[in-house]
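All remarks here apply to the structure that follows.
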Amino acid sequence: RIGTVFDTFAGSDTTVVWVGHVATDDPTVAETNRRVHRLAAAEAADRPNVVVADLADLLGTGETVAERCLMDDGLHVTAACLDEAAAALAPDLPVG
């Protein structure tokens, strides 16, 4: 399904940017987030119009729970960390 979403923009001037989610306090959600990111990265490998980034890498949290970036609910990322990730990602995005 992820590949189908990516292919929607194939042949256009649109670049698709996939940003994988971090590991959360809930182990089931955390593993699902990381698994979906790995699937998206594999699907994007042969699609030149898709840029894959990993929120966990952008924030330096890796595969561990992104404690410093999670809201009190343990699931959602804080605005400050999203801003941090956006600043880290911006130089890698195509311009225009």
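Just a few scattered comments:
- Placing unit charges on each Cβ (+1 for Lys and Arg, -1 for Asp and Glu) gives segment 2-90 a dipole about its Cα centre, and among 74, 20, 60 the Cα reaching farthest toward its positive end belongs to 20.
- Potential extension, residue 10-residue 42 segment - 0.36 nm per residue separation minus Cα distance: 9.9 nm
- With Cα atoms, 0 to 90° folded angle of helix 27-44 axis to the chain main axis: 20
- Here, segment 1-56 yields an orientationally averaged convex hull projection of 3.7 nm² when only Cα atoms define the hull.
- Packing, as the average of other Cβ atoms within 10 Å across residues, places the peptides 8-14, 59-65 in the order 59-65, 8-14, highest first.
- Taking amide H positions as modeled 1.01 Å from N, with prolines and chain starts lacking one, the residues under 5 Å from residue 77 and 5 or more places away or on another chain are 71.
- What you get for the chain, charging only the Cβ of Lys and Arg (+1) and of Asp and Glu (-1), is a dipole of about 300 debye around the Cα centre.
- Relative contact order [Cα under 8 Å, 6+ residues apart], segment 37-96, whole percent: 26
- Whole-Hz ³J(HN,Hα) from phi, Karplus 6.51 cos²θ - 1.76 cosθ + 1.60, for segment 57-71, glycine and proline x: 6, 4, 9, x, 9, x, 7, 7, 4, 7, 3, 5, 10, 8, 5
- Angle between the chain longest axis and helix 79-89 axis [Cα atoms, degrees, rounded to 10]: 40
- Under 5 Å between amide hydrogens, built in the peptide plane, is the criterion, and for residue 20 it picks out 53, 54, 55 among residues at least 5 positions away or on other chains.
- Shape of the chain, Cα gyration tensor, a/c cut at 1.5: oblate
The numbers here are math on the coordinates, done by the rules we state, and not lab data. Note that the structure is a prediction, hence the values are computed from the model and not measured. Note: ideal-geometry Cβ built from the backbone for every residue, glycine included; neighbour counts use all protein chains shown.
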